[in-house]
Each structure stands twice: as C-alpha cells, then as structure tokens.
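Written out below as structure tokens is the structure these notes cover.
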Protein chains: 2
Amino acid sequence: MSSTLIKGKYMLCQVSDQDTIELISDGAVFQKNGEIIDVGKYDIIKARYSADEEIGSDQHMILPGLVNAHQHGRGVPYALIGTPDDNLELWLIKRMEGKPVDQYLDTMYCIARLIESGVTTVMHCHIPKSPHYEEEVMSILKAYQDGGIRVAFALGIRNQNYLVYQDHHKFLDSLPPLLATRARQYLADITISEEEYFTLFARLYKEYGANTSPKMRILHGPVGPQWCSDELLIRIKQSADEYQTGIHAHMLETIYQKLYALKRFGKTFVKHLNDIGFLGPQVSFAHCVWATENDIELLAKSGASVCHNPSSNLRLKSGIAPVNRMLDRGVNVALGMDSQSINDDEDMLQELRLCANLHHTPGLGKRSPTAGQLLKMVTVNGAKATLFSNQIGTLEKGKRADIILVNLKSISEPYLDPELDIMNVLLSRGKASDIDTVMIDGEIVLRNRKHTRINRDKIVTQLRESLSRGLQPSDIERVRLAQELRPHIVKFYEDWQEPVARPYYVYNSA
Amino acid sequence: MSSTLIKGKYMLCQVSDQDTIELISDGAVFQKNGEIIDVGKYDIIKARYSADEEIGSDQHMILPGLVNAHQHGRGVPYALIGTPDDNLELWLIKRMEGKPVDQYLDTMYCIARLIESGVTTVMHCHIPKSPHYEEEVMSILKAYQDGGIRVAFALGIRNQNYLVYQDHHKFLDSLPPLLATRARQYLADITISEEEYFTLFARLYKEYGANTSPKMRILHGPVGPQWCSDELLIRIKQSADEYQTGIHAHMLETIYQKLYALKRFGKTFVKHLNDIGFLGPQVSFAHCVWATENDIELLAKSGASVCHNPSSNLRLKSGIAPVNRMLDRGVNVALGMDSQSINDDEDMLQELRLCANLHHTPGLGKRSPTAGQLLKMVTVNGAKATLFSNQIGTLEKGKRADIILVNLKSISEPYLDPELDIMNVLLSRGKASDIDTVMIDGEIVLRNRKHTRINRDKIVTQLRESLSRGLQPSDIERVRLAQELRPHIVKFYEDWQEPVARPYYVYNSA
C-alpha cells in the first residue's frame, strides 16, 4: 500500500446537483491506500502531505475514473467474430453463428481496452451463453479479479421467448418439425433452472464480499422483461430486496420490444413492471430507446437508472433514446458502451461525445444535454447505477481513489487559449488515446499508456491462437441451426408495425 | 518522376454502378508519373513491370484516395478558437468572436490533417472572411499548391442577409442606431462587389490551369441561396456554363433556411433554384438536411450532387439529412467533414461510419446505406462533386494515382478471420490512425505516418505563436459587436416554427 500525489493543470472534482462543474486549476489530489485523503490547490496539498510518489504535471487534467454502466465483457469485437451490425432481433440469431471465445481471455481483453479508455468501473451485464453456466461465470469473475477494474456484475438469467418475442414453445411448434427438434435441443443445453441461478447468486454474493468489498458488487441480471417471466422477475425483486442489492436489465431496446409488451400486457413494460412492484432506486435499465413519456415519468418517480447506449443503439438499428426528456424529468441517466462503441474501440470519451451530439435537437432554444449533465452520466450517475455511489464518482475526501490523467498535448494542438472553457475542449476533443494514466482504488493500472497489471500482448496472442482454430462439430451444428432459423425469425416480425409514431426529436422533415 | 508498385493483401479497385465492390486479394497497382498503368494480382503486376520503388505488404489494404467533398480549409479546430458547437445561426455570430488565424497556416494545417486521414481530394468551400479578399484567397491557394492535395476550390461570395435570414438593411434598421452603425461598418469591410468577385474568378480560372491541370479545379462558390440574391445566382450560373465549371453552395442546412425560403418565395429553395434554371450536374450542395421529398426528386433529376455532412449536422444542431431517400432516388451523395468532424480529428473513415450509423433506421427491412453506397460516397461520388471524375475515384488504368494504404494490424487485433467480409471490417473499425501511406498524383505525401511535403511541426509552432498573441483593437471591436448582436439574432428567430413536421426517420416514439 502506498500514497500518491497527483498533479494537474485542471482537476475536475465533481459535478454538483445543480450541474455545476467544480474545477480546480493547478490542482492536486492526495491518496493513501486507495482512499482520497485530500483535494485542493497543488501548492497546498504538496506542502501538507508527503507522498511515496508524485504523478501528473502541468500538461495533465485530472478526472474521476469513468463509469461504463452497461456492457457484456466482450473484448473481441463483434465485427471480428462474424456478427456485423444489424437489427437486434436478427443480430441475436447471427450471434449464435459466432465463434466461441474463451470467457476469461475475452473479459480480460475487454478490461484492458476499457482501462485504456479511462474506464475504472464497469457494469457487466452477463448473458448466459454456454451450457456450462457456473464455469462461465467463474471465469468472468476471475478475469475481473485479475484485471483490477471495479465491477458491478449482474448475473444473467432468462427463461422465455428465447428466439422471438413469443412463448418459445409456441414459436417452436410453428417451425418445421426437424428444425424445431434441433432448436429444442440447443435451448435445453443453454437453459438454466431458477434453482441453479438463485443458488449461484447466493454463493457469489457471499464469496465476493456481500457487496461490501471495495471493488465488486453482485447484482441480479434478468436479461430483459421479454426474456423473463413475471414469476421470475418477482422472485428476483424479492431476492434483491432481501440481499439489499441491485438489478440490471435491458429495457425497450427496440420497437419490437415495445410492441410485444403492448400485445402481451396491453400496457408498456415499464407500466407493467411498476404494477408488479419491480421498479425502484436499485434497479437500472439499459437502452430505454422506446420508452413513452409515461414510462419516463414512472422511471423518474421510482428512482431507477437508465444506462444509455448511444453507439449500440445506432449500430443495432434500435434508434435514439429520448435522453433529453429523461434528464428533464430527473431520471438518473448513466452511459454504457454495450461492447458496441461506434468505432469499435471502446472509447468512453467518444461515446460521451456521440451522446452529446445525438441529443442536439435542431432549433434555437431546443434542449441539448449540458456539459454538467454529460459529465455526471459517466461519473456520479454511473456510480449510482453500479451501486458504488459511496465509493466513487467524485474526487473528494473519503472516496476511493479512481483517478485518470488526461494528457492535454494532443487536444490542445496547436494552441490552448487559457480563456477557453476547458471542459468544452475536453468534451469536444478528448479521446481514449489522450488518457495516459489510470488509477483504480489507489493502484496505477495504466502508466504512460502501458498496463501494469495486465499482460496485454499475451492475452492478444492467446485470443488469436484460440480464434484461429476451426469450428468444433457442435459449433457447426449451432451455425447451421442459426442460419436455418433466421428466415423464420424475419417472417415472425413481418407484420409488427407501430400504428402511429410521434418521435421525441425531429431531425428533418419531408 | 518515378514509378511505384503498391502491394496489398486486399485492394479495393472500385465500386461499380450496381454498388458491387470490386476487390482483389493479394493485389497490386502499378503507377508511373502519377498515372495508374495497371492493377491486378500482385504476382502478375510484379512480373509485368519494373518499378523504382515497391511499397505496401501483406499487412496492408489498398484503397483509392478518399474525397472530402465539403470543408472550409479550417485547420485550427473551432473548439480551440472559442467557437463551441451551437445552432448554426448562433454559431455564425459566435464565430465572429473567434481569433483571426493566418489563412495560409490554417489551410496548410488542415491539409496535413486531411492527408493523415487518407483524404487526397478536397472541396474547399471558401467563405469570405477578412476585408482583404484577394490576398486571403491567394494565401489559401498557395497552401494547396504547397500542400500537394488535390483540391476543388469554390470561390466564395455572398451579397445579402449577412446577419439573419432577412434583408440586412431591414434587420439593421431594427437595431439600436449605434449598434446598427457599427454593424454596417463591419459589413462594409467584408463585403465584396460582384465585379471584384467575377474578376478574381476569371483570373484564378486562367492562372490555375482552366480546370485542366491535374490537381486544381476552380469553381463558383455562392455561399448559399439565403446569402445570395437571385441576380447573383443567375449570373454565377451563366458564368459556370460559360467556363464549363462547377458550382458549390450550402443548401438547407437548418430548418430556419427552409422556413426562410417558404417566406421569401412561397416555395422551397430547391424548387426556386430549379425554376430559375440553376440546378444541373455541375452543381453540388452541402448539407440538404431539410430537403423535402420533392426537393430530392428535383436534385436527382437535375444530376446535382449532395455533399452530406453527418458530424457537422449534429454538432451545429442542424439535424440528420434524409440520405436513404436521396440514395433511393438516385442523388449523387458525397461526404464532407465541413471542418467539423465529430471527434474534431478530421477522421474521414470515422465520418463514413457515423454516416452509416445515423442512417440505420429502426425496424427489420428498413433501409440502411449499403457498404457499396458508403464507399462510393467517399470515392466516385466525391470525384463527381469535385469535378475530378475522369481523374480519380477508382483504381483503374488511366486514372491518376491517388492511393492510400491501410495498415491492417490494429483493425485485425486480435484475429482477422480470412472468412470475414473485409470491407465490413474496414467500415466497422478503420480509423485515420490506420492509414500509414498516402499517395497523391503519384507522389507519396505521407509515408509511415510521416509527412514528406509538409513540415507539420513548423506549421503547428507558427500557429501556436500567432494564436498566443493578444487581440488587436479591430478584433476587440468585432468581438463586442458580435456579443451585442447576439440577443437580437436570438429574438429574430423566436417565432420561426415549422407548423407540421413529418420526419423521414423515426428513431423512437413518445
């Protein structure tokens, strides 16, 4: 354990409730054993403490570590495993064709890339993939322990509508009998029983510190309301209350999910979940692209978080979430890259910029997110969604030392006028490549863009070796099955149309 | 003069009219004295020609040089000269507050950044800025000659509505008298007479090779229909016909421009320009965000080009252009960064990716631009808009040698499966930083990411020195004037509302 003095030309301490950015110029933060002991002007902090090491400079900006509030631990880009961008519903079946990737290596590679991007805390939304549920989960958690990033791990489960938004038995009955049999076999292999799920949850919760350890939270992760029965959701909610933990799920990512809820319940998912008592401040939902105004009201009232995914929503043709409306209603909006960032490079500052730009609605006086609102998304709001509010999100006395250093050299070329609003410059121009040092819980995990904990080259080599192997017979059957199921899935959604659409933002007109 | 053999694991030769991508694996192109002599399989080309130099490798992809079909030669990012993103109408007045930047250095820095991004041809949309019109223009053109990039230079002029979309005399009369007097003085200083404009145009056209020189085209550049009288536009059109050159202008960038045309003419700008005989295949328009369906039909019929600017349209809160509709109607859509790329880094591959993603409309079976359509935007379609169709846009015998090499190392980490669609991988993951070699007209201008022609460090140093100087008294008056005009401009647009908006794409619904 050790102490560090971190110096910066500018230091973003926090964004207050009034969206006021608290910035200290020529500032410093002092941490000891992972705890922030003091922040202030460099001269004062320097005189006050004796540090084992001093990092940073007049060419750096200090920021709280960034929070990526929704992702799947996918390190190998989808484009490289044969899952090109497409509508979610078709992309999911295409993903079945992808080469299996070693879970530990994939997660570790993801962690490495996130750290390079200044992400110090991540929400891992676990999707059960392989027939070896427990083994898969333990590999992922091992990677997080080895990788050193702070993580909220939402243990995944789904128990219905595996292939389309319809009872899967009914859907399977509609398929040619042989295809249905093969699909049933595949689904049986990847299905987890509720008992298996709750037993593993209880074990993980206990083993990983009962949500009191500094770097790990165990959450419930029902994959989404279209994929989980009401009975399961209610049981999960009870368990979450009992363990005083959170729940993370997908919500209204696509228009088809919106239409499914209306068909199934005669009301929206959010209204339905509200009616069964599922909503609350410990619950966070990814996407929410197709939330109605009433849904947004309900989310705000319940204190639930929305984890917005601008890149992913474009790449998977989901749309653009009504984030300005959410912000206006007081929803806690966090930001996630969903392992689908627009340039496929896991650049969190770029993701934030895309978010800012997509919600620039045309017209003088029309709403855009403010700089403070944007910065909150990747700090305090993300901290709330990941259940780390007491530990991270701001640079202030008593918080854990998750701190990143942005090198100002590149963003200030050719000249940074001291009169300029530095946060505007960062939000306009900062990229992952500008982040040269990352500290998590007091430990420097990236120093001058070199990992100190992760052997990145080794991970890449191991992934390359594993991916260059041919498919196994079971893989080949899965690929064929996916290819044969696809036209039936396309056909299933053929008639699903929203009768009248009133968009939140109008970007042009015919 | 010399000859070069360029080798690549993959070579994109061209996208045919049917949007078919012609790709050669293990390919090569041979150029001599700036002309493409042959393309084909590496073994064959290698055996057939003896080259002075061989570049490229099995780790490279060969592409035709990219065309940035709309920009303003701005090298110093707007964020660094105090012009943060805002609605165009307010941004324009804010830009008045910006520090003046040396035109030669600014253009040269811009050229350097474009070359680093694989751009080999650029449309420079000139906006008259300083009171020294001719000197300003000559500085810019000198930079293009020194910088070595291929350029279509559209000489700028505007003669009305300088501050808002209304006769500026009328607008000035509505201001407090002293403010009006100061604004009149400012406008008098930057106003160019038509005679001055046409005389300079004739001189440039002649001096720069009467549009037959390989690397320079001189076009007319009326800044936009809201800023040019009908008389001026008609005279420009006649001149363009006489010189057989092109016209490049802004068009329907914002909803206020759409509303202005309806107020002024009782019809859309495009309809009006069609009625006065202005449209045609030599005409290109930037933006076109707010074009109606009928406008798109007229543009398609006339053969005019649209230079789409996805980043700029987001950053300046203009909106999202109906590009899918344009493509469906057969409009020649090119792509431009408008000196406003989303990450402020002039990354043309990223711009193309943003374009692809913004036009992913939600819903199965809904239109997205195809890979072929996207690649055409930055090659042949851009070549048409810049009047270089006969010279560039494809890698085929007889074309000029504008060729870029993409290093596949980064985009194929951890593993590039040979079964994958390589163009999908490039479009999903390629960035400016992957481009390591750029050839323009047979000359290597970037080699292993180092400029051979431009002394980039010197330009940056000179820009820094010039920008760190304080404002001159005349600058201070201009800044104050802009600040005082701003509230009047906000007030002017207060009641401008589109009565009913029917958007092309619906990204979500309330």
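The values are calculated or read from the model by the stated rules, or taken from the named source; none is laboratory data. The model shown is predicted, which means the values in this text are computed figures rather than measured ones. So basically every Cβ, Gly included, is an ideal-geometry build from the backbone, and we count neighbours across all protein chains shown. Note: areas computed on protein heavy atoms with side chains; ligands, DNA, RNA excluded. Shrake-Rupley method; radii C 1.70, N 1.55, O 1.52, S 1.80 Å.
Tabulated values for the structure
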{"item": "Flag if B:CYS13 is buried (at least 18 other Cβ atoms within 10 Å of the Cβ) and either at pLDDT below 95 or outside any strand (DSSP E or B) (or both)", "result": "no"}
{"item": "Considering residues of region B:95-104 that are touching a residue at least 24 places away in the same chain (Cβ under 8 Å) and part of a loop (DSSP other than H, G, I, E, B) only, the residue nearest to the other protein chains (Cβ to nearest Cβ)", "result": "B:LYS99"}
{"item": "Conditions (1) touching a residue at least 60 places away in the same chain (Cβ under 8 Å); (2) closer than 30 Å to A:SER311 by Cβ: number failed by A:GLU196", "result": "(2)"}
{"item": "Residues (outside any loop (DSSP other than H, G, I, E, B) and either modelled with pLDDT under 95 or open to solvent by 60 Å² or more (accessible area, probe 1.4 Å) (or both)) located in region B:16-35", "result": "B:GLU22, B:LEU23, B:ASP26, B:LYS32, B:GLU35"}
{"item": "Region B:187-219, residues that are within 22 Å of B:SER130 (Cα to Cα) and open to solvent by less than 50 Å² (accessible area, probe 1.4 Å)", "result": "B:LEU187, B:ILE190, B:ILE192, B:TYR197, B:PHE198, B:LEU200, B:PHE201, B:ALA202, B:LEU204, B:TYR205, B:ILE218, B:LEU219"}
{"item": "Qualifying residue in region B:263-286 (condition: out of contact with any Asp or Glu (no Cβ under 9 Å at 6 or more places or on another chain), in a loop (DSSP other than H, G, I, E, B), within 13 Å of another protein chain (Cβ to nearest Cβ) and more than 22 Å from B:GLU194 (Cβ to Cβ))", "result": "no"}
{"item": "Residue tally, condition open to solvent by less than 20 Å² (accessible area, probe 1.4 Å) and among the aromatic types (Phe, Trp, Tyr), over region A:42-82", "result": "1"}
{"item": "Residue in region B:344-357 that is closer than 24 Å to A:ALA356 by Cα, among the small types (Gly, Ala, Ser) and at pLDDT 95 or above present", "result": "yes"}
{"item": "Subset of region A:360-382 [surrounded by 23 or more Cβ atoms within 10 Å (Cβ to Cβ), touching a residue at least 60 places away in the same chain (Cβ under 8 Å) and over 19 Å from the mean Cα position of the chain (by Cα)]", "result": "A:PRO362"}
{"item": "Filter result for B:GLY148 (of a type in the set (Gly, Ala, Ser), under 20 Å from the mean Cα position of the chain (by Cα) and at positive phi)", "result": "yes"}
{"item": "Close pairs (9 angstrom Cβ cut-off, 6 or more residues apart or separate chains): on the phi < 0 side of the Ramachandran plot in region A:26-55, open to solvent by 70 Å² or more (accessible area, probe 1.4 Å) and of a type in the set (Val, Ile, Thr) anywhere", "result": "A:ALA28/A:ILE44; A:ASP38/A:ILE44"}
{"item": "Residues located in region B:413-427, provided they are more than 22 Å from the chain's Cα centre (by Cα), in contact (Cβ under 8 Å) with a residue 12 or more places away in the chain and open to solvent by less than 20 Å² (accessible area, probe 1.4 Å)", "result": "B:ILE422, B:MET423, B:VAL425"}
{"item": "Residue within region B:345-365 that is in contact with a His (Cβ under 6 Å, 6 or more places away or on another chain), on the phi > 0 side of the Ramachandran plot and part of a loop (DSSP other than H, G, I, E, B) present", "result": "no"}
{"item": "Among (1) closer than 17 Å to A:VAL460 by Cα; (2) open to solvent by 10 Å² or more (accessible area, probe 1.4 Å) - the single one A:THR107 does not satisfy", "result": "(2)"}
{"item": "Test: residue in region A:394-401 that is under 25 Å from B:GLU346 (Cα atoms) and either surrounded by fewer than 18 Cβ atoms within 10 Å (Cβ to Cβ) or within 12 Å of another protein chain (Cβ to nearest Cβ) (or both)", "result": "no"}
{"item": "Residue within region A:64-75 that is out of contact with any strand residue (DSSP E or B) (no Cβ under 9 Å at 6 or more places or on another chain), assigned to a helix (DSSP H, G or I) and either among the hydrophobic types (A, V, I, L, M, F, W, C) or closer than 30 Å to B:SER368 by Cα (or both) present", "result": "no"}
{"item": "Residue list for region A:359-373, restricted to those being within 30 Å of B:LEU426 (Cα to Cα) and more than 7 Å from chain B (Cβ to nearest Cβ)", "result": "A:HIS359"}
{"item": "Test: A:TYR256 is within 26 Å of A:ASN87 (Cβ to Cβ) and at pLDDT 95 or above", "result": "yes"}
{"item": "The listed residue being under 22 Å from B:HIS287 (Cα atoms) and within 14 Å of chain A (Cβ to nearest Cβ), out of B:LEU92, B:LEU155", "result": "B:LEU92"}
{"item": "Residue list for region A:176-218, restricted to those being under 17 Å from A:MET123 (Cβ atoms), in a helix (DSSP H, G or I) and of a type in the set (Ser, Thr, Tyr)", "result": "A:TYR205"}
{"item": "Hits in region A:194-228 - residues which are under 22 Å from A:ASN390 (Cα atoms) and among the basic types (Lys, Arg)", "result": "A:LYS206, A:LYS215, A:ARG217"}
{"item": "Failed item, numbered, when A:TYR504 is tested on (1) crowded, with 20+ Cβ neighbours inside 10 Å; (2) over 25 Å from A:GLN257 (Cβ atoms)", "result": "(2)"}
{"item": "Within region A:299-330, tally of residues that are away from chain B (no Cβ under 14 Å) and open to solvent by 10 Å² or more (accessible area, probe 1.4 Å)", "result": "6"}
{"item": "Residue that is surrounded by the most Cβ atoms within 10 Å (Cβ to Cβ) [pool: residues in region A:277-298 that are touching a Leu at 6+ places or on another chain (Cβ under 8 Å) and aliphatic (A, V, I, L, M)]", "result": "A:ALA291"}
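For every residue, the table says whether it meets (1) in contact with an Asp or Glu (Cβ under 8 Å, 6 or more places away or on another chain); (2) of a type in the set (A, V, I, L, M, F, W, C); (3) facing chain B (nearest Cβ under 8 Å).
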site: A:ASN455; (1), (2), (3): no, no, no
site: A:LEU481; (1), (2), (3): no, yes, no
site: A:HIS488; (1), (2), (3): no, no, no
site: A:GLU498; (1), (2), (3): no, no, yes
site: A:ALA501; (1), (2), (3): no, yes, yes
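Every residue, every condition in (1) closer than 30 Å to A:ARG203 by Cβ; (2) without any contact (Cβ under 8 Å) to a residue 60 or more places away in the chain; (3) within 14 Å of another protein chain (Cβ to nearest Cβ), yes or no:
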{"residue": "A:ILE127", "(1), (2), (3)": "yes, no, no"}
{"residue": "A:SER130", "(1), (2), (3)": "yes, no, no"}
{"residue": "A:LYS142", "(1), (2), (3)": "yes, yes, no"}
{"residue": "A:ASN161", "(1), (2), (3)": "yes, no, no"}
{"residue": "A:LEU172", "(1), (2), (3)": "no, yes, no"}
{"residue": "A:THR181", "(1), (2), (3)": "no, yes, no"}
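To keep it simple, each residue is scored yes or no on (1) at pLDDT 95 or above; (2) of a type in the set (Asp, Glu); (3) touching a helix residue (DSSP H, G or I) at 6+ places or on another chain (Cβ under 7 Å).
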position	(1), (2), (3)
B:VAL438	yes, no, yes
B:GLY442	yes, no, no
B:ARG447	yes, no, no
B:LYS458	yes, no, no
B:PRO473	no, no, no
B:LEU485	yes, no, yes
B:TYR493	yes, no, yes
B:PRO499	no, no, no
B:ARG502	no, no, no
